[in-house]
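None of the figures in this text is laboratory data; all of them are computed from the coordinates on show. Computed from a prediction, not measured in an experiment: that's the story for all the values here. Neighbour counts run over all protein chains shown; Cβ positions are idealised from the backbone, glycine included.
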Amino acid sequence: MTLTSLDPVDPFSAPCQVILANLGGCAVRSPRPVSPGTVVYLKGLPTGIEVAARVVNCISLGEFERLWLLGLALNESGNVWGIESAPEDWRE
């Protein structure tokens with residue numbers, strides 16, 4: 001998927017890999033750090049929709065990795081991932 005920052009001071013768009021997903025958000029591997037509190041858009045999801053989220057955490061994956069793990073909270077919870085056989089606790 002593509003993560004696009006709406007930060008007017010540091011706008012960017014970059015491909016990211018979703019590592020973990022749930023109804024409230026996801027964890028993604030990013031090629032650059034993103035400050036917590038930054039509003040982002042997620043595009044290229046399996047459902048074809050675009051959603052807004054907020055960065056809640058940014059962790060370096062190592063000094064030489066040049067990758068960051070971002071925790072993202074969706075602005076509106078839901079199965080935006082298109083997982084058909086979602087876990088029982090995902091029932092809305």
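Available extension along the chain between Ser35 and Asp89 is 16.4 nm, counting 0.36 nm per residue and deducting the alpha carbon span.
Figure legend: label point modelled 7 angstrom from the Cα of Glu63 along Cα→Cβ; residues of region 1-45 with amide N under 19 Å from it are 33. The convex hull built on the alpha-carbon positions of region 18-85 has an orientation-averaged projected area of 4.5 nm². Our summary gives region 2-76 a relative contact order of 30 percent, counting only alpha carbon pairs under 8 angstrom and 6 or more residues apart.
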